[in-house]
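A.B. asks: Take this structure first; my questions come after.
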Amino acid sequence: MDFYHTPTSCSQATHILLREAKLDFRPHKVDIFSRTLEDGSDYTQVNPNGYVPALVLDDDMLLTENVAIIDWIAGQSPALLPDGKLGRTRHLQMLAFLSTEVHKPFIPLFFLEDEAEQARLREILAQRFSWMASKMEGDYLFGCRFTGADAFLYVMLRWAAMVGLETPRRFEAFVEAVECRGSVKAVLAAEGLQPLCAAASPLPAT
């Protein structure tokens, strides 16, 4: 498979899940502003929408959208889904919330200069992080099992740190647990990033 991603972007969640599921893939970094690959070629020839993540399967089928790709990866490795007969449905519910109610408000926050609008978005995000913290069932969102939604939440918490948004203290232990995972250490090293938690030692860059 060919995986197209941009370091620090929401595609980091997919990157973590691909490694967590131990799937074979070829990573390709994308400059989402110029829509080019590292070799200078036009990324829109792969994904006409120009954004990440994108996954091209071995049969050349193109998958886009974090929710869809994470759901597909979890289908290849069901241990990445919550337990129970509604496990996949509950997982999709949380992924949809993260994608529409958390990820979406962050985008204008990164670029807007209007202080009033920034304050409004920060308040919205603070409320939504608080709601997720209240729904945590254990070490992770759905208990002791790490899921695709946890990978997505981790990336959103990294974004919160980037803009100086305070999040519930409940997430401190969550971040530490996530950053101790081999898949996450490998992704941070590959993307040239440092862990948020001082206790998590990064792997050498690859």
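A.B. asks: Which residue pairs have Cβ atoms under 6 Å apart, sit 6 or more places apart or on different chains, and have a first residue in segment 84-95 that is within 14 Å of Glu137 (Cα to Cα) and a second that is assigned to a helix (DSSP H, G or I)?
C.D. replies: His91/Ala149; Met94/Ala149
A.B. asks: Please find, within segment 83-95, the residue that is nearest to Leu125 (Cα to Cα) out of those that are in a helix (DSSP H, G or I) and open to solvent by 40 Å² or more (accessible area, probe 1.4 Å).
C.D. replies: Top of the filtered list is Gln93.
A.B. asks: Applying the selection to segment 134-146, what residues are open to solvent by less than 50 Å² (accessible area, probe 1.4 Å) and touching a helix residue (DSSP H, G or I) at 6+ places or on another chain (Cβ under 9 Å)?
C.D. replies: Those that are open to solvent by less than 50 Å² (accessible area, probe 1.4 Å) and touching a helix residue (DSSP H, G or I) at 6+ places or on another chain (Cβ under 9 Å): Met136, Tyr140, Leu141, Phe142, Phe146.
A.B. asks: Among the residues that make up segment 45-64, is at least one of them in a helix (DSSP H, G or I) and modelled with pLDDT of 95 or more? Give the derivation first.
C.D. replies: Initially, segment 45-64 is screened for residues in a helix (DSSP H, G or I), giving 45.
If we keep only those that are modelled with pLDDT of 95 or more too, we end up with 45.
Scanning segment 45-64, I find at least one residue that is in a helix (DSSP H, G or I) and modelled with pLDDT of 95 or more, so the answer is yes.
A.B. asks: From the list Trp72, Trp131, pick out the single residue that is open to solvent by 20 Å² or more (accessible area, probe 1.4 Å) and more than 18 Å from the chain's Cα centre (by Cα).
C.D. replies: Trp131 is the lone residue from the list that is open to solvent by 20 Å² or more (accessible area, probe 1.4 Å) and more than 18 Å from the chain's Cα centre (by Cα).
A.B. asks: Quick check on this structure: which one of Leu157, Leu109, Leu153 is in a helix (DSSP H, G or I), at pLDDT below 95, open to solvent by less than 60 Å² (accessible area, probe 1.4 Å) and under 21 Å from Ser11 (Cα atoms)?
C.D. replies: Leu109
A.B. asks: Oh, and also: Kindly indicate which of Ala116, Ala126 is over 20 Å from Ile16 (Cβ atoms) and either at pLDDT 95 or above or touching a Lys or Arg at 6+ places or on another chain (Cβ under 6 Å) (or both).
C.D. replies: Residue meeting the stated conditions: Ala126.
Yes/no per residue for (1) surrounded by fewer than 18 Cβ atoms within 10 Å (Cβ to Cβ); (2) at positive phi:
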| residue | (1), (2) |
| --- | --- |
| Leu98 | no, no |
| Gly148 | no, no |
| Gly164 | yes, yes |
| Glu172 | yes, no |
| Ala177 | no, no |
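A.B. asks: Is it true that some residue in segment 158-166 is in contact with a His (Cβ under 9 Å, 6 or more places away or on another chain) and farther than 23 Å from Val30 by Cβ?
C.D. replies: no
A.B. asks: Please name all residue pairs, on different chains or six or more residues apart, with Cβ atoms under 7 Å, provided the first residue is in segment 38-66 and is on the phi > 0 side of the Ramachandran plot and surrounded by 12 or more Cβ atoms within 10 Å (Cβ to Cβ) and the second residue is among the charged types (D, E, K, R) and in a loop (DSSP other than H, G, I, E, B).
C.D. replies: These pairs meet every condition: Gly50/Arg35.
The values are calculated or read from the model by the stated rules, or taken from the named source; none is laboratory data. Note that this is a predicted model, so its numbers are computed, not measured. Here Cβ is always computed from backbone atoms with ideal geometry, including for glycine, and neighbour counts include all displayed protein chains. With ligands, DNA and RNA removed, areas are computed over all heavy atoms of the protein, side chains included. Shrake-Rupley method; radii C 1.70, N 1.55, O 1.52, S 1.80 Å.
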